[in-house]
Amino acid sequence: MNNELIEIIEGLKGYLSYLKMIGIKEIPVTTRVQGFKDSREQIKTNSCAIEPSPPPTLAPFNIELLKDIRNEIGDCRRCKLWHTRKNIVFGSGNPKAELVFVGEGPGEDEDIQGLPFVGRAGQKLTEIIEKGMGLKRKDVYICNVVKCRPPENREPEPDEVAACRPFLEKQIAAIKPKVIVTLGRPATATLLNSKRITISRIRGIWHEYESITEAEAIKIKLMPTYHPAYLLRNYTYEVRKQVHDDMKKVVEELRNG
Ligand code: URA
């Protein structure tokens, strides 16, 4: 099968699961009338002749899904963080990324710019992605558990995580990456749905993310590692090596998995 065909099939699979996710269980079946040769010829749909629609543009499909999720968030006031935020930080990167990084929540720079990981921790993350993993930041997708900055950069509180979590789940369902890397304890605990984790114990070990809110059951490999801000505070050989080893496993999985 050539690459174009594989991409079309993947796109259709994504579109069908999206329809399922939003509750559409049936789609009208359109059959081409036998004997006609090209795509402009008459097609038959429930015995009505209609113009064939243009072939679906598959690459932007995930972009549309992400746009819908962003629109659903709107000018969000679902939790108290809206009082102090400047901007909602939705996420950025490649909507078709094989790798998604999830942090805990925007800091001051992110709040000002409306983009994730653009401050000091963001520079460290970019360095890990580009120098450490040999990838390009634009090719991965980066987002946070909560989309609004918690005041004083405190950890997001359970009600804030609960309000934002469905959007994170939808982002992941739209992108369907091969691998998720959770940065630090709060993001790991959220996506593993487990409050009692110690990041130093579970980092570097493959886990599985399972969607709990989507209609469609999704399972994605998840690698917890230290938050880049922790790395900045503890810039020791040991911590750097641990993050390096964790990301090496991710690169291997992306290559061979
Ligand atoms: N820390 C996070 O967890 N996310 C950001 O976007 C920036 C810093």
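The values are calculated or read from the model by the stated rules, or taken from the named source; none is laboratory data. What you see is a predicted model; the values in this text were computed from it and never measured. Because the Cβ atoms are built from the backbone with ideal geometry, glycine has one as well, and the counts that use them run over all protein chains shown. These accessible areas exclude ligands, DNA and RNA; they are computed on the full protein's heavy atoms, side chains included. Shrake-Rupley method; radii C 1.70, N 1.55, O 1.52, S 1.80 Å.
Between Gly119 and Glu110, the built amide H atoms are under 5 Å apart, and every one of these is 5 or more places off in sequence or on another chain.
Close amide H partners of Leu222, meaning residues 5 or more places away or on another chain with modelled amide H under 5 Å apart, are Ile180, His207, Glu208, Tyr209. To the nearest 10 square angstrom, how much accessible area does Phe167 have with a 1.4 angstrom probe? Accessible area, nearest 10 Å²: 10 Å². Residue separation of Asn71 and Ala162 scaled by 0.36 nm, minus their Cα-Cα distance, works out to 30.9 nm of gained length. Computed from backbone phi with θ = phi - 60° and the Karplus coefficients 6.51, -1.76 and 1.60, the 3J(HN,Hα) list for region 178-189 is 6, 9, 10, 10, 9, 9, x, 5, x, 5, 5, 4 Hz; x is used for glycine and proline. Ile199 contributes about 30 Å² of solvent-accessible surface, heavy atoms of the protein only, 1.4 Å probe. Here region 168-216 has 46 percent of its accessible surface on carbon and sulfur atoms, given a 1.4 Å probe and all protein chains in place. Residues whose amide H falls under 5 Å from that of His227, counting only those 5 or more places apart or on a different chain, are Gly184, Arg185, with hydrogens built in the peptide plane.
Each residue, Lys138 and Trp82, gets one label point 7 Å from its Cα in the Cβ direction; the gap between the two is 3.4 nm. In this view, the solvent-accessible surface of Ile63, computed with a 1.4 Å probe and all protein chains in place, comes to about 70 Å².
The HN-Hα couplings worked out from phi for region 82-99 by the Karplus form 6.51 cos²θ - 1.76 cosθ + 1.60 (θ = phi - 60°) are 5, 4, 10, 6, 9, 9, 7, 10, 6, x, 8, x, 7, x, 10, 4, 7, 10 Hz, whole numbers, x standing for Gly and Pro.
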